[in-house]
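Peer 1: Handing you a structure now.
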There are 2 protein chains.
Amino acid sequence: MDDRVEAHAETLVDWSARVEEGDDVVLSVGPDAHELAVAVAGKLGERGANLLCTYASGEISRAYLRASEGEFDADPDFELAMLERADAYLSLGGGRNSAATADVPEETRNAYDRARQGIREARLDTDWVKTLHPTRSLAQRAGMAYEEYQDFLYSAVLRDWESLAAEQERLKELLEDTEEVRIANEGTDLTLDVSGRFAVNSCASVAYDSHNLPSGEVFTAPRACEGHVTFDVPMTVNDRRVKDVYLEFEDGEVVDFAAAQGESAIEGVLDTDDGARRLGELGIGMNRGIDRPTDTILFDEKMAGTVHLALGRAYDDCIPEGETGNQSATHTDLITTMGQGSRLELDGEAVQENGTFRWE
Amino acid sequence: MDDRVEAHAETLVDWSARVEEGDDVVLSVGPDAHELAVAVAGKLGERGANLLCTYASGEISRAYLRASEGEFDADPDFELAMLERADAYLSLGGGRNSAATADVPEETRNAYDRARQGIREARLDTDWVKTLHPTRSLAQRAGMAYEEYQDFLYSAVLRDWESLAAEQERLKELLEDTEEVRIANEGTDLTLDVSGRFAVNSCASVAYDSHNLPSGEVFTAPRACEGHVTFDVPMTVNDRRVKDVYLEFEDGEVVDFAAAQGESAIEGVLDTDDGARRLGELGIGMNRGIDRPTDTILFDEKMAGTVHLALGRAYDDCIPEGETGNQSATHTDLITTMGQGSRLELDGEAVQENGTFRWE
């Protein structure tokens, strides 16, 4: 077995999920994540945890959902009971076709999701971590050769997390002392009011309330914003490609938008509900192992030298007790590269110039 | 998708497991049983059942068990709770290597099994069914080409179960009216006292207390036996090949034994405990779709024109209230072909000659 698979498993079990002896661990295995699952099972055996493997296949979901009549029992008891008793839930993504559920009617998918709210909450109540095994499907999506993609993925996952956590803690503290963030870049001049909001040091460990491996970002929830922004990183939004999305804000709300490609997808997001026209997140990518976009949000938004903003729902972790963050059914991330000439300012002072932090 | 995969799924869901709307169904998927799982998921969606997929991989089990220190928590709550609430448990076997767990120490495996008795019982309390998807690993074990093995497997699974059930019911009733069964064959002359014992019509449906797909046998639990028997069908017993096993019985107990190959494996079985030297089962194969042994007990023991006997534990379904069947930690099946010159007699009357029932 590739040593990196073993190292990935160890990072997941020890750094990310903090699995301990006697923990009840659900391991959700994608069809092509088998090899990682074998490595993780070995680590769980070593730690003395209890293991139950579930199988997460898009093709199985598609067959089930398409054959159904579109009505679903609420939170089936056998699955809910399992998740309510689980200590950790490790999701090893890795399918064979990222479009495996493309022809499932959206209303069926939504009805299924709505019926499973309790199950989702029970899962989110565990020490859950989502990671990806490098598959040919993901390589194809990234436009990369398989070995090239493996190198890319492990470079993103196998970081010195301890030291990245320390660096991110620094930015988190700075952000929490900040009233106004300014993002200045080609096609972008946006100021965001982040006063009194918490920032999250997202460094791929449940000990930091961070549930993605890899992670590597610091994020907060702006109260309001003013100005315009261009997102140069190509993305897939609701199954459609978008490029060079442009948003203009007044009083915290989108008042104009455009895109070089996929404008209607952005329009669809903005029309979701009132909260979809406001920002729920400002995130700053810090993972230097991620050096290019790969059309997978788990990686793209953590890319060092990028900033992302999300239209829609804010994360509770950023909101002080007694306040309410932005509410919406959507949370759509869009990413801009902080290249030559860019400035990220905290209360007028540059914390990052040309994509490089002042302490780098 | 091969129409036969769809037909297999439909047989499993409707004939075997009798799944109904609202049932909570655990689908245990082997690594190479994916295609069958997709078809089964479609049927479950159609029926309005709830679906939870688990992943049953020998390689994952091996990694977990070998890494562990050999001690296991008793019946982990999250898995027990899931199974206690499940209505059905469908096991789709289909690995990539039937020797995937060959180097797991036996004491580790046994310790794991012992710790999971409650989980096993909860699973057996559901409408459970075990079936196999045709894989290259199973084809190899059978010594068959892949397409040849597919033909073989579907011929065994896709029967007219309704009519086989009726035929087997006839033999079941005859057996329950019988005091003494005689098996006469080349190298075999054995009489078995089956008086007052129930026979089971095992026709691949939970409605008949039959949990294998395919099935196709009628079995009972002899009280005693006298004579000798030669088992010409090659088998794997505790991971060792055995051939031409010969057993001699006096007063229901093995008094002499031999084998052309694997004699020590048979000795190991006989030395398990006192009950291992007595018979727990007499089974009569009735599945005409199974025309040759494939080194997989799920199929071999149901082969039409064969009779099998098991050393060790008797099934409770055969034992009248208030009586106790043979007790043992083992239940080891051995099979003999009823070829030219063979007779199967019930109270002195031939019910089968030369492998053909009198009603065929």
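Derivation of every value follows stated rules applied to the coordinates shown; laboratory data play no part. This structure is a prediction, so every number in the text was calculated from the model and none was measured. Every residue, glycine as well, gets a Cβ built from its backbone with ideal geometry; the counts of neighbours run over all protein chains shown.
Peer 1: Give, as ranges by residue number, the residues of segment A:9-35 whose backbone N falls under 14 Å from the point 7 Å along Cα→Cβ of residue A:2.
Peer 2: Under 14 Å, as judged by backbone N against the label point of residue A:2, lie A:9, A:32-35 of segment A:9-35.
Peer 1: With a 10 Å cut-off between alpha carbons and a GNM built on chain B, which of B:297, B:284, B:60 moves the most?
Peer 2: The residue with the greatest mean-square fluctuation here is B:60.
Peer 1: Okay, next question. With 10 angstrom as the radius, rank A:15, B:359 by how many other C-beta atoms surround their C-beta, starting from the fewest.
Peer 2: Listed from fewest to most nearby Cβ atoms, that is B:359, A:15.
Peer 1: Can you bin every Cα-Cα distance in segment A:161-357 into 5 Å intervals starting at zero and give me the percent of pairs per bin, rounded to whole numbers?
Peer 2: 1, 8, 17, 23, 23, 17, 9, 2, 0
Peer 1: Here's another thing I want to ask about it. Among DSSP bridges having both ends in the protein assembly as shown, what percentage is antiparallel? Round to the nearest 5.
Peer 2: In the protein assembly as shown, DSSP labels about 75 percent of beta bridges as antiparallel.
Peer 1: Antiparallel DSSP bridges in chain A: what percent, to the nearest 5?
Peer 2: About 75 percent, rounded to the nearest 5.
Peer 1: Answer with one residue from B:11, B:55, B:110: the one whose Cα lies farthest towards the positive end of the charge dipole of segment B:3-157, charges on Cβ with Lys, Arg +1 and Asp, Glu -1.
Peer 2: B:110
Peer 1: How big is the charge dipole of the protein assembly as shown about its Cα centre, in debye rounded to the nearest 20, if each Lys and Arg gets +1 on its Cβ and each Asp and Glu gets -1 on its Cβ?
Peer 2: The calculated dipole for the protein assembly as shown is roughly 1560 debye.
Peer 1: GNM on chain B, C-alpha springs below 10 Å: top fluctuator among B:112, B:154, B:89?
Peer 2: Ranking B:112, B:154, B:89 by mean-square fluctuation puts B:112 first.
Peer 1: Using +1 at the C-beta of Lys and Arg and -1 at the C-beta of Asp and Glu, which of A:199, A:261, A:279 has the Cα lying farthest in the positive direction of the dipole of the protein assembly as shown?
Peer 2: About the Cα centre, the residue reaching furthest to the positive side is A:261.
Peer 1: Consider a paramagnetic label point 7 Å from the Cα of residue A:125 along Cα→Cβ; state which residues of segment A:70-110 have an amide N under 12 Å from it.
Peer 2: Only A:80-87 fall inside the zone, counting backbone N under 12 Å.
Peer 1: Using the structure shown, list the pairs from A:130/A:302; B:43/B:172; B:43/B:302; A:43/A:130; A:43/A:172 with a Cα-Cα distance above 23 Å, or answer none.
Peer 2: B:43/B:172; B:43/B:302; A:43/A:172
Peer 1: With just the Cα atoms of segment B:183-258, tell me how far they stretch along each of the three principal axes, in Å, largest first.
Peer 2: Extents along the principal axes: 40, 34, 22 Å.
Peer 1: What's the FRET efficiency of residue A:261 with residue A:155 using the Cβ-Cβ distance as r and R₀ = 30 Å, to the nearest 0.05?
Peer 2: That pair, residue A:261 with residue A:155, gives E of 0.55.
Peer 1: Also, quick follow-up: Convex hull over the alpha-carbon atoms of segment A:306-360: what's its volume per residue in Å³?
Peer 2: Value for segment A:306-360: 110 Å³ per residue.
Peer 1: Compactness ratio of the protein assembly as shown: Cα Rg over 2.2 N^0.38 Å, N = residue count?
Peer 2: Compactness ratio reported: 1.16.
Peer 1: Rank these for me by crowding, A:1, A:338, going from fewest to most other beta carbons within 10 Å.
Peer 2: Placing the least packed residue first, the sequence is A:1, A:338.
Peer 1: Continuing with the same structure: Per-residue mean of other chain beta-carbon atoms within 10 angstrom of the beta-carbon, peptide A:35-42?
Peer 2: 5
Peer 1: So, one more: Take the alpha carbon atoms of segment A:284-360, find their center, do the same for segment B:105-146, and report the distance between the two centers in whole angstrom.
Peer 2: Segment A:284-360 and segment B:105-146 have Cα centres separated by 48 Å.
Peer 1: Let me ask another. Among A:87, A:160, A:273, which one shows the biggest mean-square fluctuation in a GNM of chain A, springs joining Cα atoms closer than 10 Å?
Peer 2: The residue that fluctuates most here is A:160.
Peer 1: Taking only DSSP H segments of four or more residues, each worth -39500 (n - 2.57), what value at 222 nm results for the protein assembly as shown once the sum is divided by all its residues, to the nearest 500 deg cm²/dmol?
Peer 2: Calculated at 222 nm, the ellipticity per residue is -8500 deg cm²/dmol.
Peer 1: Rank B:294, B:325, B:344 by how far each Cα sits towards the positive end of the charge dipole of segment B:276-347 (+1 on Lys, Arg Cβ; -1 on Asp, Glu Cβ) and give me just the farthest.
Peer 2: The listed residue farthest towards the positive side: B:294.
Peer 1: Using only Cα atoms, figure out Rg for chain A and give it as a multiple of 2.2 N^0.38 Å. Write down the numbers at each step before the final one.
Peer 2: Details: Rg = 20.2 Å, N = 360, 2.2 N^0.38 = 20.6 Å.
So chain A has a normalised radius of gyration of 0.98.
Peer 1: What nm distances, shortest first, do you get from the label point of residue B:146 to those in the other copies when the point sits 7 angstrom along Cα to Cβ?
Peer 2: 1.5
Peer 1: Restricting to DSSP loop positions (anything but H, G, I, E, B) with no more than 14 other Cβ atoms inside 10 Å of their own Cβ, which GluC sites (Glu not before Pro) remain in segment A:35-105?
Peer 2: In loop regions of segment A:35-105 (DSSP not H, G, I, E or B), the sparsely surrounded GluC sites (Glu not before Pro) are A:69, A:71.
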